[in-house]
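The values are calculated or read from the model by the stated rules, or taken from the named source; none is laboratory data. Bear in mind the structure is a predicted one, so any value in this text is a computation, not a measurement. Every residue, glycine among them, receives a Cβ derived from its backbone with ideal geometry; neighbour counts consider all protein chains shown.
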Amino acid sequence: MDVILETKDLTIAFGGHVAVNEVNIQIERNQLKSIIGPNGAGKTTFFNMLSGQLTPTKGSVHLNGEDITGLTPTARTRLGIGRSFQITNVFPNLTCHENVRLAVQSQAGVRYNMFKHFKHYKEIDRKTNELLSTVLLESKAQELAVNLAHGEKRKLEIAMLLALESEVLLLDEPTAGMSLEEVPMILDVIRNIRDERNRTIILIEHKMDMVLDLSDSIMVLFHGSLLADGDPKEIMKNEQVQSAYLGGLQDDAS
């Protein structure tokens with residue numbers, strides 16, 4: 001098993017409340033792992049410790065075998081962990097192309113230089129167009145981000161994460177706030193990225209049909225503890241998971 005991300009006894013307490021309790025998990029490289037659990041299970045808190053927004057009370061996070069527990073979110077981004085949030089984070093008054101191009105330039109360490117050869121910028125434009133195509137936004141390249149539908153803004157945010165050459169994508173409820181019509185588009189984008197098998201995706205999602213369609217494996221959090229981890233079919237058959245809350249999850253998803 002080629003492990004890219006691992007947690008060891010990962011724990012965080014807020015006052016007397018233990019939000020995540022001694023979670024030990026190994027996430028395999030270039031796989032899609034979904035995290036499910038009812039509201040209050042600790043999913044986003046767990047994500048926040050992976051991305052560095054929160055510092056654990058106890059335990060550690062390891063990327064490619066290196067302990068990154070003490071690193072800032074910015075340092076983790078440089079190492080290849082990209083994070084999307086439930087609220088989209090794009091530049092509203094720039095076009096889709098400009099949003100993605102800025103991320104491509106940032107990753108390449110490029111600032112505008114009028115004396116630089118045009119072919120250099122041509123390569124940046126090529127990569128920008130390629131990323132817009134990956135997230136199915138090529139037809140919206142010159143559209144201002146402020147004019148995009150919510151689902152399109154989500155796709156643009158994912159393109160910007162990909163531009164940063166994130167090795168691990170943390171996607172926190174990418175379909176949150178979307179209309180039913182928009183969900184299949186995001187599903188297609190995430191599936192396309194997964195099928196390239198050159199990035200690891202960790203997904204928090206309430207829509208069980210989407211989770212089952214996309215996931216190579218599923219981890220289940222319940223009251224902050226790891227209840228189960230394994231193949232999607234095994235998770236669905238797990239009586240402990242079912243009796244704990246799976247019915248409630250499916251109600252949330254409907």
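Some notes on this structure:
- Condition met for ILE235 (at pLDDT 90 or above, over 18 Å from the mean Cα position of the chain (by Cα) and of a type in the set (Val, Ile, Thr)): yes
- Which numbered condition LEU161 misses (of (1) surrounded by fewer than 20 Cβ atoms within 10 Å (Cβ to Cβ); (2) in contact (Cβ under 8 Å) with a residue 60 or more places away in the chain; (3) among the aliphatic types (A, V, I, L, M)): (1)
- Screening the stretch 38-68 for residues that are in contact with a helix residue (DSSP H, G or I) (Cβ under 9 Å, 6 or more places away or on another chain) and closer than 14 Å to HIS17 by Cα and picking the one that is modelled with the lowest pLDDT gives ALA41.
- Here LEU137 does not qualify as of a type in the set (A, V, I, L, M) and modelled with pLDDT under 95.
Every residue, every condition in (1) touching a residue at least 60 places away in the same chain (Cβ under 8 Å); (2) surrounded by 18 or more Cβ atoms within 10 Å (Cβ to Cβ); (3) closer than 22 Å to ASN30 by Cα; (4) not hydrophobic (A, V, I, L, M, F, W, C), yes or no:
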{"residue": "SER139", "(1), (2), (3), (4)": "no, no, no, yes"}
{"residue": "GLN142", "(1), (2), (3), (4)": "no, no, no, yes"}
{"residue": "GLY151", "(1), (2), (3), (4)": "no, yes, no, yes"}
{"residue": "VAL168", "(1), (2), (3), (4)": "yes, yes, yes, no"}
{"residue": "ASP172", "(1), (2), (3), (4)": "yes, yes, yes, yes"}
{"residue": "ILE186", "(1), (2), (3), (4)": "no, yes, yes, no"}
{"residue": "ILE190", "(1), (2), (3), (4)": "yes, yes, yes, no"}
